[in-house]
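Taking it in order: structure first as structure tokens, then the write-up.
The values are calculated or read from the model by the stated rules, or taken from the named source; none is laboratory data. These numbers were taken from a predicted model, which means no experiment stands behind them. Virtual Cβ from ideal backbone geometry, glycine too; neighbours counted across all protein chains shown.
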Amino acid sequence: MKVATSSSAFSCAFDDGDLTQLEFLEAAAREMGADGVVLDDRHFPRIDDDYLAQVKKTAADLGLTIAALASDAFFSAQPDAMRALLERAATVGAPLVSGRLARETELSWSEALTRLGVASAFAKSINVTLALRNAPGTFAATSHDCKRVTKETDSAWLRYGLDTGAFDAASETAALAAKTVLLWWDAQRPADLRGWETFRGFVALDRAAGDAARPEMRDAILGWKIARHTVELDRT
């Protein structure tokens, strides 16, 4: 398991003008000790090729992996916007795009399924995998919902970006592990690898309120690294 920090955890700082995307990359590497980052779509000040190349080069220089791009609007977007975001992910070197499905009050199931099919087709053509993020009130609220989504979409390009803390008590996350490519985790929750000891992807540390502080995120990342090394030592 590798540890990433999401820029969405610092949305308040972005909104207040106290943090830029390039400054976030620098802080993630030098202050927080992250292995990688998840870049929220909202935090790109520009999306021209020159700027995207700068983001990719800055991450490489800092030894950071761009683990994913995140967009809550992705699965509800129009086709042109879906394609554009996937192309942006490919340009910066992100293998995943992660987002939540529409809320059940916003779209019908048939409409949501149609958009999932369009997104999956684009993902295949651009070679960027979709990491579906579960959330209460959406069509992917429970583990049963998630399995229904992937079964009916029937695409190898649709996988899970699970937020285990957002599931209800009846959900069985172990049943989703084989198709999980990203783990979302609130930075205030203690690190917990139980059931995920062999997961080789990134855990993306987030804060729903977007008000994370750099020292807090540094400590959370350190906690995950300690937990990871403890598991590795136990195996030997």
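A residue that is among the acidic types (Asp, Glu) and part of a loop (DSSP other than H, G, I, E, B) can be found somewhere in the stretch 97-118. Taking Trp157, is it surrounded by fewer than 20 Cβ atoms within 10 Å (Cβ to Cβ), farther than 30 Å from Lys56 by Cα and either touching a residue at least 24 places away in the same chain (Cβ under 8 Å) or of a type outside the set (Ser, Thr, Tyr) (or both)? Spelling it out, it is not the case that Trp157 is surrounded by fewer than 20 Cβ atoms within 10 Å (Cβ to Cβ), farther than 30 Å from Lys56 by Cα and either touching a residue at least 24 places away in the same chain (Cβ under 8 Å) or of a type outside the set (Ser, Thr, Tyr) (or both).
Criterion applied to Thr142, Thr164 was being of a type in the set (Val, Ile, Thr) and either under 17 Å from the mean Cα position of the chain (by Cα) or under 21 Å from Ile47 (Cβ atoms) (or both), and the one residue passing it is Thr164.
One line per residue, one yes/no per condition, for (1) acidic (Asp, Glu); (2) surrounded by fewer than 20 Cβ atoms within 10 Å (Cβ to Cβ); (3) under 21 Å from Ala119 (Cβ atoms); (4) at pLDDT below 95:
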position	(1), (2), (3), (4)
Thr153	no, yes, yes, no
Gly161	no, no, yes, no
Ala175	no, yes, no, yes
Asp186	yes, yes, no, no
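Residues in the stretch 124-137 that are over 19 Å from Asp206 (Cα atoms) and more than 16 Å from the chain's Cα centre (by Cα): Lys124, Ser125, Ile126, Asn127, Gly137.
Can you find a residue in the stretch 105-117 that is buried (at least 20 other Cβ atoms within 10 Å of the Cβ), over 17 Å from the mean Cα position of the chain (by Cα) and free of Cβ contacts under 8 Å to residues at least 40 places away in the same chain? The answer is yes; a qualifying residue exists. Of the residues making up the stretch 176-222, those that are of a type in the set (Phe, Trp, Tyr) and in a loop (DSSP other than H, G, I, E, B) are Trp196, Phe199. Scanning the stretch 125-139 for residues that are hydrophobic (A, V, I, L, M, F, W, C) and either surrounded by fewer than 24 Cβ atoms within 10 Å (Cβ to Cβ) or assigned to a helix (DSSP H, G or I) (or both) yields a total of 3.
When the stretch 203-236 is filtered for residues that are among the small types (Gly, Ala, Ser) and either at pLDDT below 95 or in contact with a Ser or Thr (Cβ under 6 Å, 6 or more places away or on another chain) (or both), the ones remaining, listed by number, are Ala204, Ala208, Gly210, Ala227. Of all residue pairs spaced 6 or more apart or on separate chains, those with beta-carbon atoms under 6 Å, a first member in the stretch 56-74 that is among the hydrophobic types (A, V, I, L, M, F, W, C) and a second member that is in a loop (DSSP other than H, G, I, E, B) are Ile66/Gly93; Ile66/Ala94; Ala68/Ala94; Leu69/Ala94. Pairs linking a residue in the stretch 30-45 that is buried (at least 19 other Cβ atoms within 10 Å of the Cβ) to a residue that is of a type in the set (Lys, Arg) and assigned to a loop (DSSP other than H, G, I, E, B), with Cβ atoms under 6 Å and 6 or more positions apart or on different chains, do not occur.
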